[in-house]
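Let me begin by presenting the structure, written as structure tokens, before commenting on it.
Every read-out reported here was derived from the displayed coordinates using simple, explicitly stated rules and does not represent laboratory data. Everything quoted here is computed from the prediction, not taken from an experiment. Heads up, the Cβs are rebuilt from the backbone with ideal geometry, glycines too, and the neighbour counts pull from every protein chain shown.
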Amino acid sequence: MDYIDRLTALREDSDTRQGTIAGVLGCQQSTISKYETRKSKYTVEDIIALCQFYHVSADYVLGLPDDLPYPKR
């Protein structure tokens with residue numbers, strides 16, 4: 001499952017319409033349809049806004065493991 005599948009699943013599981021998500025992102029419903037059918041790509045700003053809307057982490061949406069080690073600086 002990739003980030004597009006996760007975002008689509010979050011929308012469907014919360015019984016949220018594409019039009020509502022379009023309102024959150026400030027775009028048209030057709031844009032959300034294009035994202036979900038992989039005709040367009042979400043921006044980083046869109047992903048951040050959706051993480052906030054759904055109250056989930058970007059790590060979850062991106063499919064990163066919880067115990068991902070961070071590089072030392």
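Table: residues versus (1) out of contact with any helix residue (DSSP H, G or I) (no Cβ under 8 Å at 6 or more places or on another chain); (2) within 20 Å of Gly63 (Cβ to Cβ).
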| residue | (1), (2) |
| --- | --- |
| Asp2 | yes, yes |
| Thr8 | no, yes |
| Gln18 | no, no |
| Glu36 | no, yes |
| Lys41 | no, yes |
Over the stretch 38-65, the set of residues more than 13 Å from the chain's Cα centre (by Cα) and either in contact (Cβ under 8 Å) with a residue 12 or more places away in the chain or closer than 16 Å to Met1 by Cα (or both) is Leu64, Pro65
